[in-house]
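Here's the structure we're looking at; comments come further down.
Where a number appears in this text, it was derived from the coordinates with a stated rule and is not lab data. Values in this document were obtained by computation on a predicted structure and should not be read as measured data. Here the Cβ positions follow ideal geometry from the backbone for every residue, glycine too, while neighbour counts run over all protein chains shown.
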Amino acid sequence: MARKPIQCPKCNKLYSGQGKQCMDCFQKQQAEKGEKSKTCPLCGKEKHRQSSICRACSIAHVSKPENYVTKPCPVCEKVFTVHVVHINRGAGIYCSKHCAGSRRPARKRTRLTVNCWTCGKHFEKHKSEIKKNVGDKHFCSPVCWYIYNQGENHAEWQGGTPDRQRLYSSKEWKAAALLVWKRDNGHCQRCGVRKESYRKPFHIHHIVSFVSDESLRAEPSNLILLCEKCHKWVHSLKNVNKEFICESSNNIHAKRADTIAPTQIL
């Protein structure tokens, strides 16, 4: 049931009756409170929102003036105020951190000048970094390090493009893979599952291993289509009878005929 509208005591407007005043007057009151909370009630200057008065008024009205000492800075001769407690513990000598740091004795430099191995630039390097450095080569930036660590200079260099990557990106392999897919009709040659009903990818398996004979790496008679699950099983310890695995190329066709079910041979 809707409440009966009543009159706002401040602006005399009718509102729903929820609260002591209408929404416009409430928002105006909150805005005035926010403005008052930002200014000091004693001097009218800006203050911290969590403090009742500003810092200057706090020192003048709340703190004890006899506890503060006014003295000049020995560096810039600026007059500043410091508490007696700071003076008693040996602090309060300088007006700022900048003046305090300018009076400290110069630290002994522990850097040496070295040359960048890539661009030849002279730059400074800390002694501890030189000790941690592997080898006698130094680089002024990550860009120079990356330029140098390419190809044969890289720690994991293995003589160029791997054989597998070179084969799988060749036209010969793509033609052989297409022929195997058409020959096996998109079926796994172990479990008979079809590609359309299997979510995971299919693999082309080498009956004679990739390393054993280089001439059979892209030979369709040495390749067979398997699903991912069966391909992992073939290379696992569960494959006791070494199905789809042959030591040489002499018995490839016999190995395929013995391991594939008669209904799957096309």
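Descriptive notes on the structure:
- Full extension of the chain between Ile130 and Ala100 gives 7.6 nm of extra length, using 0.36 nm per residue less the Cα-Cα distance.
- Packing-based exposure ordering (other Cβ within 10 Å, fewest first) of Thr39, Thr70: Thr70, Thr39
- Extension reserve of the Ala155-Gln30 stretch, reckoned as 0.36 nm per residue once the Cα distance is removed: 38.3 nm
- Taking one quarter of the surface of the convex hull spanned by the alpha-carbon atoms of segment 62-102 gives a direction-averaged projected area of 3.1 nm².
- Kirkwood's formula applied to the C-alpha pairs of segment 163-259 gives a hydrodynamic radius of 13.8 angstrom.
- Each Lys and Arg Cβ is given +1 and each Asp and Glu Cβ -1; about its Cα centre, the chain then shows a dipole of about 2100 debye.
- Only alpha carbons enter this Debye calculation for segment 102-236, each as an equal point scatterer, and the log10 of I(q)/I(0) it gives at q = 0.12, 0.14, 0.17 Å⁻¹ is -0.68, -0.76, -0.94.
- Neighbour counts of other Cβ atoms within 10 Å put Leu225, Leu112 in the fewest-to-most order Leu112, Leu225.
- The translational diffusion coefficient of the chain, from Stokes-Einstein at 37 °C and 0.692 mPa s with a Kirkwood hydrodynamic radius over alpha carbon pairs, comes to 110 µm²/s.
- Residue-averaged [θ]222 nm for the chain, counting only DSSP H segments that reach four residues, each worth -39500 (n - 2.57): -7500 deg cm²/dmol
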